[in-house]
Amino acid sequence: MAGLKDKLYSKIQEWRPRTTRLLKEYGDVKVDDVTISQIIGGMRDIKCLTTDISYLDPMEGIRFRGFTIPEVLEKLPKVPGSEMPYVEGFYYLLLTGDLPTDEDIKEVASEFRKRQEVPLYVIDILRTMPRDTHPMTMLSAAVVAMQRESIFARDYHKLNKMDYWDATYEDSLNLLAKLPQIAAYIYRMKYKGDTIIYPDKDLDMGGNFAHMMGIDTPYDDISRLYFILHSDHESGNVSAHTGHLIASALSDIYYATSGMINGLAGPLHGLANQEVLAWIQDVIHSMDGKIPNEEEMKTFVWNTLKSGKVIPGFGHAVLRKTDPRYTAQREFCLKYLQGDPIFKFVDLLYKVVPPILLEQGKAKNPWPNVDAQSGVIQWYYGVREYDFYTVMFAVGRALGVTANIIWGRALGYPLERPKSLTTEMLEKAAGIV
Ligand SMILES: CC(C)(COP(=O)(O)OP(=O)(O)OC[C@H]1O[C@@H](n2cnc3c(N)ncnc32)[C@H](O)[C@@H]1OP(=O)(O)O)[C@@H](O)C(=O)NCCC(=O)NCCS
């Protein structure tokens, strides 16, 4: 892939002196102080990671390579006949920082097509797993099983450190090209009576995923939107950070992505989109199929809080306003899902939950995050097996995680190794022992 790879290489060459200069000339400059509550409290807000792929402002939300979500959706070239951009073009943007031309996109798409064949042993492994295995476990197992394909791992001893990014780039494209097919295979095998639909080589990544899921348009646009929105959210969130941490040991993309998937599978992170739908179904079930009114909804929300559980899809570790990824999906729903009972439910939650969380006074951010809205779209278009939702999140997240790892290798980011302290050391620092 001459175009993208050459462009990436020239960007890397331009960027390297900036990192080298910061390290050599300004390495002692202090950018943050760390408190005991941050150390005990999950390292929240400590400024200790670097990425140029995306930046999350607490009030504004995410920017991918400097572009907000509405800008990304507006400026990237669209798939002909669709409202959404090519995922392939978005990956070009993540890697290079530049908006792609139609030609650039064609090249990435053709590269993905060439690399999309999934090895048979991966299919065999998936088929031997008990069918009630969680689809995230299946996805993670499929990805780590492919580790034997890693060009980086194969060539590691021969590679010059300056060229690590190149083999990592090849591994990333090889893996990304296969992920939609693996995900759709898991779906059709597990939930659709093993009726597998094979890829269509003429389709783009999002279109092909919808095709392999067996769902008509506009599900292709939903898939494009879904993969783009879930791709990256800076480096400190559990999935992105896990991928980065694993890769910092020079473990290859397959190990890092499988680990990323495992982190995403937690209910406080990506699995929240499944939890939202499960929670909604519970409420509807306990109302004998009726959608609750506003007062009944408030009671359910309070009951959930009083039982010590969180309201899934609300709150965020960094954001302090409604997640623009929620808003982008809500706009899609307002256009296509008007009148849908589950959307009405989600819409009512938007009205009811934030004031209750504010009144309860615990959550720092009472507003909805991406997961509050994503399940309802999937449900509407027939993907009602909500334990599958996080798998699609993972396919999207792999775009951001691999882009970050490629750049991490290019800029020579070292092994990650923060320092631990004992409780007694913290007590001494506090002056209480
Ligand atoms: C996302 C999340 C894990 C962030 O956690 P965090 O950074 O610790 O959030 P906060 O600092 O605001 O948490 C402070 C308190 O508010 C609570 N809180 C935060 N969000 C809450 C929610 N949606 N419902 C109920 N309580 C919530 C926390 O559990 C915590 O309680 P504690 O002090 O008893 O432990 C949290 O908001 C959450 O659990 N949300 C629901 C799950 C979810 O939607 N995850 C997807 C995130 S993209």
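Read the figures in this text as sums done on the coordinates, not as results from a lab. Since this is a predicted model, take the numbers as computed values, not measurements. Reconstructed Cβ throughout: ideal geometry from the backbone, glycine too, with neighbour counts over all protein chains shown.
Rg (Å, one decimal) plus Dmax (Å, integer) for the alpha carbons of the chain?
For the chain, the Cα-based Rg and Dmax read 22.0, 69 Å.
Farthest toward the dipole's positive end in the chain, which of 95, 231, 39, given Cβ charges of +1 (Lys, Arg) and -1 (Asp, Glu) about the Cα centre?
Result: 39.
Please report the relative contact order for the chain, taking Cα pairs under 8 Å with a sequence separation of at least 6, and give it as a percent rounded to a whole number.
21 percent
Using the alpha carbons of segment 272-380, what is the convex hull volume per residue in cubic angstrom, as a whole number?
Spread over its residues, the Cα hull of segment 272-380 gives 91 Å³ apiece.
Let me know the charge dipole size of segment 320-400 about its Cα centre in debye, to the nearest 20, where only the beta-carbon of Lys, Arg (+1) and Asp, Glu (-1) is charged.
300 debye
Assign unit charges at the C-beta atoms only (+1 for Lys and Arg, -1 for Asp and Glu), then state the dipole size of the chain relative to its Cα centre in Debye, rounded to the nearest 20.
About 740 debye.
Using alpha-carbon pairs under 8 Å, 6+ residues apart, how would you state the relative contact order of segment 139-234 in percent?
Here the relative contact order equals 18 percent.
Quick one: which residues, 5 or more positions from residue 78 or on another chain, have an amide H under 5 Å from its amide H? H modelled 1.01 Å from N in the peptide plane, none for Pro or chain starts.
none
If a paramagnetic tag sat 7 Å from the Cα of residue 303 along the Cα-Cβ line, which residues of segment 258-288 would have the backbone N under 15 Å from that point?
Once the point is set 7 Å along Cα→Cβ of residue 303, 279-288 turn out to lie under 15 Å by backbone N, inside segment 258-288.
Sort 341-347, 206-212 by the packing proxy (mean of other Cβ within 10 Å over each peptide's residues), most packed first.
206-212, 341-347
Evaluate the relative contact order of segment 272-380 (contact order divided by residue number), counting alpha-carbon pairs under 8 angstrom at least 6 apart; express in whole percent.
Relative contact order of segment 272-380: 42 percent.
In nanometres, what is the gap between the two model label sites at residue 428 and residue 117, each 7 Å from Cα along Cα-to-Cβ?
6.2 nm
Using the number of other C-beta atoms within 10 angstrom as an exposure proxy, rank 391, 301, 238 with the fewest first.
Least to most surrounded, the residues fall as 238, 301, 391.
Give the peptides 78-91, 369-382, 24-37 in descending order of average Cβ contacts within 10 Å, highest first.
Those peptides, ordered most packed to least, come out 369-382, 78-91, 24-37.
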